[in-house]
1. I'd like to check which strands (runs of 3 or more DSSP E) are fully inside region 144-203 and have at least 1 residues that are farther than 18 Å from I114 by Cα.
2. For region 60-86, which positions are assigned to a helix (DSSP H, G or I) and either among the acidic types (D, E) or in contact with a Cys (Cβ under 8 Å, 6 or more places away or on another chain) (or both)?
3. Any residue in region 174-199 that's farther than 25 Å from E15 by Cβ: show its pairings with residues that are open to solvent by less than 20 Å² (accessible area, probe 1.4 Å) and within 13 Å of the ligand (Cβ to nearest atom) at Cβ separation under 7 Å, as long as the two are six or more apart or on different chains.
4. Please work out if G110 is modelled with pLDDT of 95 or more, within 15 Å of the chain's Cα centre (by Cα) and either part of a helix (DSSP H, G or I) or closer than 20 Å to P31 by Cβ (or both).
5. Looking at region 113-124, is at least one residue over 25 Å from I152 (Cα atoms), open to solvent by 70 Å² or more (accessible area, probe 1.4 Å) and basic (K, R)?
6. Could you tell me whether S157 is hydroxyl-bearing (S, T, Y), open to solvent by less than 30 Å² (accessible area, probe 1.4 Å), modelled with pLDDT of 95 or more and out of contact with any helix residue (DSSP H, G or I) (no Cβ under 8 Å at 6 or more places or on another chain)?
7. Looking only at region 1-55, filter to residues that are under 16 Å from V113 (Cβ atoms), within 13 Å of the ligand (Cβ to nearest atom) and outside any strand (DSSP E or B); which one of those is farthest from the chain's Cα centre (by Cα)?
8. Could you please find all residues in region 45-62 being touching a residue at least 40 places away in the same chain (Cβ under 8 Å) and surrounded by fewer than 12 Cβ atoms within 10 Å (Cβ to Cβ)?
Amino acid sequence: MKLICIGRNYADHIEELANERPTDPVVFIKPDSAVLPKEQDFYIPDFSEDVHYEVEVLVKIKKVGKHIDEKFAHKYYDEVGLGIDFTARDLQSKLKEKGLPWEKAKGFDGAAVIGKWLPKSDFEDLNNLNFSLLKNTVPVQQGNTGLMLWKIDELISYVSRYFMLKKGDIIFTGTPAGVGRIQTNDYLSGVLEGKELFSVKIK
Ligand code: ZN
């Protein structure tokens, strides 16, 4: 199982990190070992002083697909969810400066929080989902999937040109503005359309 992650998919987040607006989706992969086991606390790794949360809408792939046409992309997933793409921002900045791959900053153990899944049929329009991340019960990130530069079906079509999608793969669709540093004893929770789908304690 692989985690296919999209970077820079919300204009407001591109602005807050002073990144260039991409002409194609920015894609990276986290290994399956990055998944934080259910109910486990997240331990800030010793190689970073600046781990950021990034809340993202997730899509779970249900069957094998390659070169998927955008109009058939909806046939490849039934479930949507919410998670966190933890990022060692200090390490990522160093790697980016040198033009090196981000993997160490994004793919380390526990760097992917995956919440509960909901059937997509629960929602009228996947391109109009409100979601938020709360830190110590205060909302710090709020997004709507309608603000994505590339929508879910476009992303599935795009990434399947490069990576064969397999059953159980998960797509992280990018984060809106409001990313920030975590500290020991923080408590994060993620809400999609009014339903809490995950919570995680920071150690
Ligand atoms: Zn992200």
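The values are calculated or read from the model by the stated rules, or taken from the named source; none is laboratory data. None of these values were measured; they are calculated from a predicted model. Every residue, glycine among them, receives a Cβ derived from its backbone with ideal geometry; neighbour counts consider all protein chains shown. The area values use the complete protein model at the heavy-atom level, side chains included, leaving out ligands, DNA and RNA. Shrake-Rupley method; radii C 1.70, N 1.55, O 1.52, S 1.80 Å.
1. Filter on region 144-203 gives an empty set.
2. E70
3. L197/L82; F198/L82; F198/G83; F198/V113
4. Considered against the rule, which asks whether it is modelled with pLDDT of 95 or more, within 15 Å of the chain's Cα centre (by Cα) and either part of a helix (DSSP H, G or I) or closer than 20 Å to P31 by Cβ (or both), G110 comes out as yes.
5. So far as region 113-124 goes, no, none of its residues is over 25 Å from I152 (Cα atoms), open to solvent by 70 Å² or more (accessible area, probe 1.4 Å) and basic (K, R).
6. In short, no.
7. So, considering only residues that are under 16 Å from V113 (Cβ atoms), within 13 Å of the ligand (Cβ to nearest atom) and outside any strand (DSSP E or B), the one farthest from the chain's Cα centre (by Cα) is A34.
8. The one that is touching a residue at least 40 places away in the same chain (Cβ under 8 Å) and surrounded by fewer than 12 Cβ atoms within 10 Å (Cβ to Cβ): E49.
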